[in-house]
Ligand SMILES: [Fe+2]
């Protein structure tokens with residue numbers, strides 16, 4: 001806006017301030033002239049790609065946006081910074097995406113979002129925390145899969161509410177595939193995922209992988225439009241403190257671009273494994289399982305790669321249930337030498353633990369597990385299971401100790417827990 005326009009606008013405000021009848025309308029007209037119409041906030045801000053010095057903040061508005069900005073500041077510090085982002089049109093709305101750089105590691109910042117100069121959201125409930133740039137910081141993350149069911153069936157708001165109630169806030173979340181039902185369409189993301197999770201996502205970055213339902217729509221035009229993820233967004237890795245996280249795309253159980261993806265997995269593990277105390281792989285499909293899903297051969301074929309490259313945990317969804325199995329070896333045989341009650345382990349050398357956490361927004365009420373674990377799983381390798389309990393897991397890593405608490409999403413009770421100490 002030019003200086004003369006601004007002056008005229010101010011003069012008009014002063015004149016109209018004595019005229020009570022049209023004051024509000026006039027001020028609105030002035031703002032529209034200066035900045036354009038106030039955009040409608042269609043989706044609350046969400047965080048992605050949180051690194052020691054950068055973060056991506058994204059929100060969605062209607063179609064009349066020309067500029068988006070994030071203002072951010074540290075608590076108790078007067079200095080505020082403003083960063084302008086980019087606008088991406090998709091499905092009749094605008095993604096306002098702002099990448100903030102040159103931040104301090106392991107620091108909490110509060111933020112406000114602006115579109116066309118209008119404050120759309122912000123204040124003390126909107127903050128992000130950059131990741132640490134060392135390998136000594138203890139941290140937490142949550143994980144769940146199979147989340148955004150069609151309304152009104154979905155109960156996705158239940159895990160979201162429990163996560164916001166946790167005394168220790170998770171530093172980020174993992175999405176174990178089947179993020180939005182039935183076909184992973186962008187048009188379903190707001191009502192089925194972002195609305196129930198808006199209080200979580202605005203302060204906690206989320207790293208989802210693609211599931212078979214997400215593959216029912218072209219991921220390039222849907223899943224990849226909704227998220228900002230590392231690498232090619234199908235298979236990628238990121239690190240946090242002393243842990244390496246690898247997300248895989250298991251497509252329909254056969255692995256997306258299988259040869260390339262497996263070669264990438266081997267290469268990534270070879271390069272990265274010596275730098276980290278913990279390696280966690282997550283993907284949508286299970287390998288061996290005792291749930292109502294079949295064993296997926298191409299996931300089981302990865303077991304040898306996992307065991308020979310120090311992978312500690314493999315997390316998946318797909319079955320709408322919770323299942324923790326005894327440690328596997330390279331051939332998928334259970335570990336007969338593991339602890340008797342399976343509540344704590346020492347260093348699981350050449351073995352890993354596989355957990356299904358696929359009751360994020362759906363449960364399978366028709367299926368009943370055989371109490372002897374023999375019906376679907378002849379190995380009897382279940383340690384803990386919860387068939388009709390909506391659930392999510394919270395993992396904490398502190399140095400050489402990893403702990404899981406599995407929560408009932410309705411009651412907030414912890415129904416399974418274990419530790420690994422290296
Ligand atoms: Fe699935």
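The values are calculated or read from the model by the stated rules, or taken from the named source; none is laboratory data. Remember, predicted model here, so these are calculated numbers, not experimental data. All Cβ positions, glycine included, derive from the backbone under ideal geometry; neighbour counts span all protein chains shown.
The table for this structure:
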quantity	calculated
In the range 287-298, residue nearest to the chain's Cα centre (by Cα) [restricted to those that are more than 15 Å from the ligand (Cβ to nearest atom) and surrounded by fewer than 22 Cβ atoms within 10 Å (Cβ to Cβ)]	288
Enumeration of residues in the range 272-286 that are closer than 21 Å to residue 243 by Cβ, within 16 Å of the ligand (Cβ to nearest atom) and not in a strand (DSSP E or B)	283, 284
Wholly within the range 91-153, strands (runs of 3 or more DSSP E) carrying at least 3 residues that are over 20 Å from the mean Cα position of the chain (by Cα) and touching a residue at least 60 places away in the same chain (Cβ under 8 Å)	118-129
Unique match (being outside the structural domain of residue 222 (by TED's automatic domain parsing) and either at pLDDT 95 or above or buried (at least 21 other Cβ atoms within 10 Å of the Cβ) (or both)) among 144, 166, 119	119
Residue count, the range 299-317 (criterion: within 15 Å of the ligand (Cβ to nearest atom) and touching a strand residue (DSSP E or B) at 6+ places or on another chain (Cβ under 7 Å))	3
Long-range neighbours under 6 Å by Cβ, at least six apart or interchain, first residue touching a residue at least 40 places away in the same chain (Cβ under 8 Å) within the range 212-227, second away from the ligand (no atom under 16 Å from the Cβ)	225/90; 225/186; 226/189
Residue ranges of strands (runs of 3 or more DSSP E) in the range 154-266 with at least 1 members away from the ligand (no atom under 15 Å from the Cβ) and over 26 Å from residue 300 (Cα atoms)	172-175, 206-208, 236-240
Test result for residue 392, modelled with pLDDT of 95 or more, more than 15 Å from residue 313 (Cα to Cα), within 21 Å of the chain's Cα centre (by Cα) and crowded, with 22+ Cβ neighbours inside 10 Å	yes
